[in-house]
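Input: a single structure, listed below in structure tokens.
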Amino acid sequence: MFEGRITNAPHIPRAQAFLDSGDMIKNPVQVFERYRKQLGHTFTFHFGGARRTVVSTNPAFIEYVLRGNRENFNKSDIQVERMVEFQGKGLVNSHGEAWLRQRRLLARGFQADRMKSLFPMQADVLADIMKGFDSSDSVEMHQLMVRVTLRMVGKSLFGRSMGDTELEQIGDTISTIQAFIVRQIVQPYKMPWFRISGQSEKHQQLRREADQIVLRHIKARREEGTGESDFLKLLLETPYHDTGLPMSEEQVLIESLQLMVAGNETSSNALTWIFYLLARHPAYITQMQEEIQEVMGEGEITYEGLQNLSLSRRVLDEALRLYPPFWMIDRIALTDDEICGIHVPAGTLVVPYIYGTHRNPEIWDDPETFDPSRFEPANKKGRPALGYIPFGAGPRVCIGKNMAVMQMLLIVASFVRSYDFELENDTPVGIRPMMLLRPDGPIKMQFRPR
Ligand code: HEM
């Protein structure tokens with residue numbers, strides 16, 4: 001037994017952590033960065049002055065938690081409990097056998113041949129949006145990217161028959177509920193008030209309305225049989241490996257909404273940062289335009305073509321290094337453990353800290369600088385694999401990684417090919433990390449057709 005304390009890692013005194021809890025609510029990454037710079041790659045503190053936490057940017061530590069001894073680290077109750085209340089139990093928030101069963105089935109939807117067959121629909125959705133894109137006025141990038149990815153993810157999940165208005169209602173409901181979940185996490189003492197004031201019920205009602213939209217689609221697809229090769233088809237038809245039966249309607253509803261949550265805001269935030277970084281480093285816009293011309297000529301952007309955009313891919317990888325949408329992964333230690341020599345008692349919150357890992361000077365030269373050449377094959381040699389983890393690692397690695405990369409490359413390449421763009425304002429934009437790493441304020445751009 002480790003006597004309930006972590007005694008052998010650099011730590012922030014409890015009183016200091018308590019004093020920092022206000023800053024932690026406003027911008028946890030800023031506080032984590034302060035601790036990291038003060039204490040090094042692995043440190044401990046009491047989250048909110050109360051909860052024992054160990055944070056690490058050490059690839060060996062992260063390897064142990066996400067791969068080596070992963071059975072001892074469940075997703076933390078912070079995520080799971082609050083999510084179950086609104087989203088039910090699906091792939092994202094289950095464990096053990098139940099998780100493996102869902103993962104096996106859903107993984108089929110993300111295989112390379114599926115991605116390829118989804119591509120034409122994604123390209124059509126984007127072409128439609130770009131036709132209506134008005135470049136005469138300034139554009140707020142986060143809003144635009146939320147709109148683009150909502151439609152692309154939404155239509156890949158539910159097919160073309162899901163209308164844009166319905167998708168927007170689902171998207172708005174998801175954002176409202178996410179914001180409410182964050183409030184519950186950062187202000188747990190207000191929980192009774194949320195219930196008494198009717199706020200909890202108001203959010204449940206919103207969820208029920210969104211559920212009804214999705215259920216209508218599920219039922220219609222059941223009755224009509226299937227046409228399109230979207231996720232709904234897969235979820236409705238694929239049998240479990242053990243029972244040979246497909247998922248229940250209720251489970252299809254949960255999984256499709258969870259995929260929508262996991263796949264929409266992550267990509268839209270990443271894309272916002274990619275455009276922001278490109279606008280701050282316009283030489284890369286020109287280089288990307290040259291690359292796209294070389295690979296695709298004047299022809300359409302194709303699935304195969306995207307695989308050959310190596311510079312564009314490096315830009316994307318570097319943007320995900322500096323601004324990983326998931327800035328951390330949270331786990332809870334089920335039993336006492338020892339990670340890289342650090343005693344971790346059962347119940348400790350264990351945090352592979354992605355944002356800090358991507359800026360750890362032991363892994364990256366000049367970590368604050370935007371430099372896509374880091375991802376050239378020769379420059380990657382010798383870097384620990386778990387020094388770069390925007391999609392997580394181990395068996396719970398992002399299931400949608402290939403889809404996300406395909407979508408993001410398609411969107412960036414399409415805009416870069418058709419437009420030059422610049423920021424309206426030179427002032428650097430800060431970060432506002434909630435569940436995901438969002439920009440701290442609007443990112444306004446001017447687009448000029450080429
Ligand atoms: C830039 C875009 C994205 C990023 C950075 C991202 C990042 C991540 C990360 C870090 C995890 C691991 C979380 C953990 O271990 O606690 C994860 C899991 C997951 N992601 Fe993504 N993701 C992205 C896009 C997508 C898309 C497009 C989808 C699906 C449409 C998706 C679906 C999921 C699911 C279902 C999980 C849970 C997997 C499991 O627990 O087995 N993600 N993602």
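Values in this text are rule-based calculations from the coordinates and carry no lab data. None of the values given here were measured: they were computed from a predicted structure. Don't worry about glycine lacking a Cβ; one is built from the backbone with ideal geometry, like all the others, and counts go over all protein chains shown.
Show the residues, 5+ positions off or on another chain, whose built amide H is closer than 5 Å to the amide H of Val344.
HN-HN under 5 Å from Val344: Asp337, Glu338, Ile339.
Let's test the formula: R0 of 30 Å, r as the Cβ-Cβ distance of Thr369 and Lys219. What FRET efficiency results, to the nearest 0.05?
So the FRET efficiency works out to roughly 0.05.
What list of ³J(HN,Hα) values in whole Hz, one per residue of segment 196-208 in order, does the Karplus curve 6.51 cos²θ - 1.76 cosθ + 1.60 (θ = phi - 60°) give from phi, with Gly and Pro shown as x?
For segment 196-208, the Karplus curve yields 4, 6, x, 5, 4, 5, 4, 6, 5, 4, 4, 4, 4 Hz.
Could you give each residue of segment 118-124 its phi-based ³J(HN,Hα) in whole Hz, using Karplus coefficients 6.51, -1.76, 1.60 with θ = phi - 60°, and x for Gly or Pro?
7, 4, x, 5, 4, 5, 4
Write down the Å³ per residue value for the convex hull defined by the alpha carbon atoms of segment 100-208.
Considering the Cα atoms of segment 100-208, their hull volume per residue is 173 Å³.
Would you report the distance distribution of C-alpha pairs in segment 317-406 as whole percents per 5 angstrom bin, up to the bin with the largest distance?
Bin by bin from 0 Å, the calculated values are 3, 12, 19, 22, 19, 12, 7, 4, 1.
Would you mind checking which residues have amide H under 5 Å from Met434's amide H? H placed 1.01 Å from N; only 5 or more apart, or other chain.
Close amide H contacts, sequence-distant or interchain: none at all.
Considering only Cα-Cα distances, which of the following residue pairs are longer than 18 Å: Lys116/Lys155; Lys131/Lys444; Lys155/Lys233; Lys116/Lys233?
Among Lys116/Lys155; Lys131/Lys444; Lys155/Lys233; Lys116/Lys233, the Cα-Cα distance tops 18 Å for Lys131/Lys444.
With all distinct Cα pairs included, what does the Kirkwood hydrodynamic radius of the chain come out to in Å, to one decimal, could you say?
The answer is 23.2 Å.
Quick one: which residues, 5+ away or cross-chain, put their amide H under 5 Å from the amide H of His11? H built at 1.01 Å from N.
Thr44
Output wanted: per-residue J couplings in Hz (rounded whole) for segment 310-319, from phi through Karplus 6.51 cos²θ - 1.76 cosθ + 1.60, θ = phi - 60°, x for Gly and Pro.
With coefficients 6.51, -1.76 and 1.60, one gets 6, 5, 4, 5, 5, 4, 4, 4, 5, 5 Hz.
Which order do the peptides 196-205, 46-55, 428-437 take when ranked by the mean count of other beta-carbon atoms within 10 Å per residue, highest first?
46-55, 428-437, 196-205
Using Cα pairs closer than 8 Å and at least 6 residues apart in sequence, work out the relative contact order for segment 14-449, in percent.
RCO, segment 14-449: 25 percent.
Can you tell me the Rg and Dmax of segment 26-118, counting just the alpha carbons, in angstroms?
Here Rg and the maximum Cα pair distance are 17.4, 50 Å.
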